[in-house]
1. Taking a cut-off of 22 Å between Cα atoms, list the lysines near K359, but don't count ones fewer than 8 places away on the same chain.
2. How long are the three semi-axes of the equivalent ellipsoid of the stretch 138-269, in whole Å, if each is the root of 5 times an eigenvalue of the C-alpha gyration tensor, listed from largest down?
3. How large is the charge dipole for the stretch 90-142, taken about the Cα centre, if only the Cβ atoms of Lys, Arg (+1) and Asp, Glu (-1) carry charge, to the nearest 20 debye?
4. Residue-wise, which Karplus ³J(HN,Hα) couplings in Hz belong to the stretch 144-155, taking 6.51 cos²θ - 1.76 cosθ + 1.60, θ = phi - 60°, and x for glycine or proline?
5. For the chain, what is the charge dipole size about the Cα centre, in debye to the nearest 20, if Lys and Arg each add +1 at the Cβ and Asp and Glu each add -1 at the Cβ?
6. Estimate the FRET efficiency between H27 and R212 by the formula 1/(1 + (r/R0)^6), using the beta-carbon distance for r and 56 Å for R0, to the nearest 0.05.
7. With θ set to phi - 60° and the Karplus curve 6.51 cos²θ - 1.76 cosθ + 1.60, what are the ³J(HN,Hα) couplings of the stretch 274-288 in order, to the nearest whole Hz, using x for Gly and Pro?
8. Placing unit charges on C-beta atoms (Lys and Arg positive, Asp and Glu negative, everything else neutral), compute the dipole magnitude of the stretch 233-339 about its Cα centre in debye, rounded to 20.
Amino acid sequence: MNRVTCTCGWTRTYSTRAKAEFNARRHVCRTADGVRRATRSYRCARCGLEAVYENAGAVEARSWFSRHSCRKHEEAMLRAALHEARMAAVDRTPKPCFHKQATHQHGTRACYVLDRCRCEPCSKANSQAETERVRLKAYGRYHKYVDAYPVRLHLAELAAYGIGLKQVAKLSGVSTGTLSKLVFGVYDSTGTGGGRQGPGEPVRAPSRRVLRRTAERIYAVEALPANLGAGQVDRERTPLARTHLRALVALGWSMSELGRRLGMRHGANAVTLIEDDDRLIQRGTVDRIEQLYADLSMTLPPQADRFQRTTASRARNFAGGRGWLPPLALDDLDEGEPASTDENDIDEVAIARRMAGEKSVELNTAEKALLVERWKATGRTSNELERVTGINPYRYFVTEETEAS
């Protein structure tokens with residue numbers, strides 16, 4: 001005997017297994033409301049709609065099915081057919097990226113939009129991005145774009161400082177085309193043969209909005225000397241760079257030699273760079289000046305022969321006549337302000353020059369005493385000290401007996 005049971009409490013016994021399975025499939029459970037519920041299906045002879053109702057009574061299923069609209073179903077079927085035809089006509093072959101500065105990967109929305117690739121991964125990525133955009137807009141959380149006007153004001157401030165669009169593009173990673181459309185808009189090119197005559201006709205006004213991440217990259221570029229291009233004028237550091245060059249001239253370096261060390265084609269071009277207070281200096285030249293100052297600020301010029309000694313002496317006299325100070329006489333190297341004139345201050349460069357035989361170098365009392373002390377430490381005679389430096393050693397050399405008294 002074969003017994004079949006149902007969760008509703010129905011049970012039967014059949015002589016064969018085939019009969020048990022057949023009747024079990026035909027069984028319809030009776031619910032508490034007395035209605036026999038089952039899976040019922042209907043098909044419309046006019047529009048071909050096939051509807052399946054789960055756990056429904058016969059009257060309920062017929063009522064629901066009678067409410068369907070043949071016109072709406074036919075329109076839906078037509079839209080589905082047109083969609084299938086349109087999708088069948090789309091070329092799903094992966095297309096390569098021909099952009100020069102970027103290589104878009106398949107499976108991204110950028111490849112779908114910019115490379116017009118309609119392969120399955122790119123189409124899926126575009127559908128997901130669009131679905132996410134619609135969802136965020138429905139929740140009021142879609143903030144992908146921001147107003148472009150404040151970004152244009154920031155670019156105008158950078159331009160006034162000397163940072164152009166190409167330098168902004170280099171520092172921020174934003175393409176020059178995006179910046180051009182943001183500031184100027186799109187213009188139609190004029191002329192023939194690849195040439196251009198005039199500004200052209202405006203095709204599109206400047207962008208009204210910009211991507212949030214693009215705006216953040218542009219805002220990250222600040223008006224600082226470090227962000228200037230090598231060929232752009234550095235207004236802030238020009239006075240300090242000129243002061244450093246004058247300090248090297250006061251040390252004995254000729255202006256033509258400084259020009260050659262700066263890489264100028266004609267070393268004499270450094271003369272106007274050093275003397276003219278109104279001339280502005282480019283950032284690349286300022287960087288080379290600062291590096292040159294760091295290398296030579298504690299180094300005397302070569303004086304191996306008479307010509308070199310004459311050149312160094314003329315440079316120092318030229319600087320002294322204009323009140324230019326040597327490097328150690330600058331109190332604040334960042335601002336180029338002169339040091340205090342305290343008698344106890346020690347100028348090591350001045351002492352070295354005086355010991356080398358330059359009697360024109362002025363020394364204070366503390367520096368002369370230190371020079372005499374160092375001269376005695378080398379074991380050289382006092383007569384030679386007076387002959388070379390012009391300093392009377394007996395005025396500044398303090399003996400042990402003098403200190404004891």
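1. Qualifying lysines at Cα under 22 Å: K368, K376.
2. Details: eigenvalues 345, 100, 21 Å².
Output for the stretch 138-269: semi-axes of 42, 22, 10 Å.
3. Working: 11 positive and 5 negative charges, 31 e Å.
Roughly 160 debye for the stretch 90-142.
4. 6, 10, 10, 5, 8, 5, x, 5, 5, 4, 5, 5
5. Details: 65 positive and 49 negative charges, 1114 e Å.
Charge dipole, the chain, about its Cα centre: 5360 debye, nearest 20.
6. That gives a FRET efficiency of 0.35.
7. Here the 3J(HN,Hα) series is 8, 7, 7, 6, 8, 7, 8, 10, 6, 4, x, 5, 4, 4, 5 Hz.
8. The dipole magnitude comes to about 640 debye.
No value in this document is a laboratory result; all are computed from the given coordinates. The structure presented is a predicted model; accordingly, all values stated were derived computationally and were not measured. Don't worry about glycine lacking a Cβ; one is built from the backbone with ideal geometry, like all the others, and counts go over all protein chains shown.
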